[in-house]
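The values are calculated or read from the model by the stated rules, or taken from the named source; none is laboratory data. From a predicted model like this one, the values you see are computed outputs, not experimental measurements. Cβ atoms come from the backbone with ideal geometry, glycine included; neighbour counts cover every protein chain shown. When the accessible area is computed, the model is the full protein with side chains, heavy atoms only, and any ligands, DNA or RNA have been set aside. Shrake-Rupley method; radii C 1.70, N 1.55, O 1.52, S 1.80 Å.
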Amino acid sequence: MRHTARVLQSLERQAMRAKSTAFIGLGRMGSEMAFNFFSKTFAESPDTRFVVCDALPTSAITFRQNFMAQFPGAHIDIVLTPKEAVHASQTVLTMLPSSPQVQTVYSEANGVIPALQSLSAAELARSLFIDSTTLDVGIARSVATEVTSAGAQMVDAPVSGGVTGAKAGTLAFLVGGTEGAFALSQPILTHMGGRIIHCGPSGAGLGAKICNNLVLGVQQIVVGEAMLLGQKLGLDPRILAGVINSSTGGCWASSVNNPVPYSLADKSPPCERNYEGGFATALMLKDMLLATDVAASTDSALPLGKSAQNFYAETLRHRPDLAQKDFSSVYERLEQMRRKD
């Protein structure tokens, strides 16, 4: 009888776990991504269960309160450790600040990988991990190897589109992993984004993201430089932005994230909200450092990338208040430099 009871309990736990998805990391990006995914999934399958976890328990509590206010019938639980999240959920998504946090969440005592050791072979085979953190490619591959060696599946799926895209559900996911893991991740990522691109094996998504943000980081600085130069030449910022955006200088950093307030007639970039609510300058500096580090390890020349990295670092040394502001706020540092001239 006891054996039968244990078997039934195990089967019940596995059935509950199969219906549950966990999201670990509820910062600016993660909270918007989780909200989109949970809301769309709940609309399709009201019996689905959700689990949230964050290093700051208050973030998880606030997220649950906000979600339940809009979806009062939803099943959403809070856990305190990634290990608990893995025990509760067959699918686990992570969106963390950088490499150290990924290593903590996946590899430390109460993390993902130790939790996998307590699952059955059948549970492991059905377990999927999706990490959307932008981090060191080597660390991402190491973590993925540990997860897959345990018997589960994993993809790296960093995103392009920022907080605005996360909120609107228009993110692009740059996915690295096996064809099988990519196929499993597609329906989940579809609920959070607009485009899903399989870039190649483990780490390829991160490589693509780092290259993309290298371009973006350089562009945002030069757009600020051009907008300031144009104003010195007597140009109205709206006219100048219109010229750039309809000419060969056109780019996202100018047409969507222009750093000059009211230069875009049909958009409201972060500069119009005191640079709040965008992609933090500190995170852009982190991405530029990732790019220059991987360039050094592959003997690739990055003269502009290195200069841009130095400028973001110098900006935060002189203006630490811009660390959590949108990275287009480097425009304020450029203005400050102009005034000193």
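For this structure, a couple of remarks:
- Compactness relative to 2.2 N^0.38 Å, alpha carbon Rg of the stretch 265-311: 1.52
- Over the stretch 1-134, all Cα pairs binned in 5 Å intervals from 0 give whole-percent P(r) values of 2, 11, 20, 23, 19, 13, 7, 3, 1, 0, listed from short to long.
- Sequence-separation-based contact order of the chain, relative, with Cα cut under 8 Å and 6+ spacing, percent: 12
- Across all Cα pairs in the stretch 193-341, the calculated P(r) in 5 Å bins from zero up to the longest distance comes to 2, 9, 18, 20, 19, 16, 9, 4, 2, 0, 0 percent per bin.
- Hydrodynamic radius (Kirkwood) for the stretch 218-285, which is based on Cα pairs only, to one decimal in Å: 12.1
- For the chain, the longest principal axis of the alpha carbon atoms and the long axis of helix 137-150 meet at an angle near 10°.
- Check: the stretch 239-319 dipole with +1 on Lys, Arg Cβ and -1 on Asp, Glu Cβ, in debye: 160
- Projecting the alpha carbon convex hull of the stretch 88-183 along each direction and taking the average yields 6.3 nm².
- Extension gain for the segment Q70 to T248, taken as residue separation times 0.36 nm less the Cα-Cα distance, is 59.6 nm to one decimal.
- Checking the cross-link pairs K209/K267; K232/K267; K40/K286 against a 27 Å limit on the alpha carbon distance flags K40/K286 as lying beyond it.
- Model label zone, A55; criterion: amide N under 16 Å from point 7 Å along Cα-to-beta-carbon; scope the stretch 117-161: 132-136
- Relative contact order (%) - criterion: Cα under 8 Å, at least six apart; region: the stretch 238-341: 29
- Two-decimal Rg to Rh for the stretch 149-192 - Kirkwood Rh, Cα set: 1.04
- S45-A183 FRET efficiency (beta carbon distance; Förster radius 22 Å; 0.05 resolution): 0.70
- Bins of 5 Å, starting at 0 and running to the largest distance - Cα pair percent for the stretch 143-238: 3, 13, 17, 17, 14, 11, 8, 6, 5, 3, 2, 1, 0
- When a 1.4 Å probe is rolled over the protein heavy atoms, the share of accessible surface on the chain that falls to carbon and sulfur comes to 58 percent.
- Heavy-atom accessible surface of the stretch 194-341, averaged per residue, reaches 49 Å², computed with a 1.4 Å probe.
- Degrees, to the nearest 10: 330-340 long Cα axis against longest axis of the chain: 30
- Taking I78, I210, I239 as the candidate residues, the one with maximal mean-square fluctuation in a Gaussian network model of the chain, Cα springs under 10 Å, is I239.
- Distance between modelled label sites at E108 and A168, nm, 7 Å Cα→Cβ extension: 3.6
- The chain - Kirkwood radius from inverse mean 1/r over Cα pairs (Å): 21.3
- Dipole magnitude for the chain: computed about the Cα centre from +1 point charges on Lys and Arg Cβ and -1 point charges on Asp and Glu Cβ, it is near 320 debye.
- For the stretch 1-143, accessible area per residue (1.4 Å probe, heavy atoms of protein chains only), Å²: 47
- Beta bridge orientation in the chain: antiparallel %, DSSP, nearest 5: 15
- Approximate spin-label separation N274-Q231, in nm, with each point projected 7 Å along Cα-to-Cβ: 1.8
- On Cα atoms only, tilt of 2-18 relative to the major axis of the chain in degrees: 20
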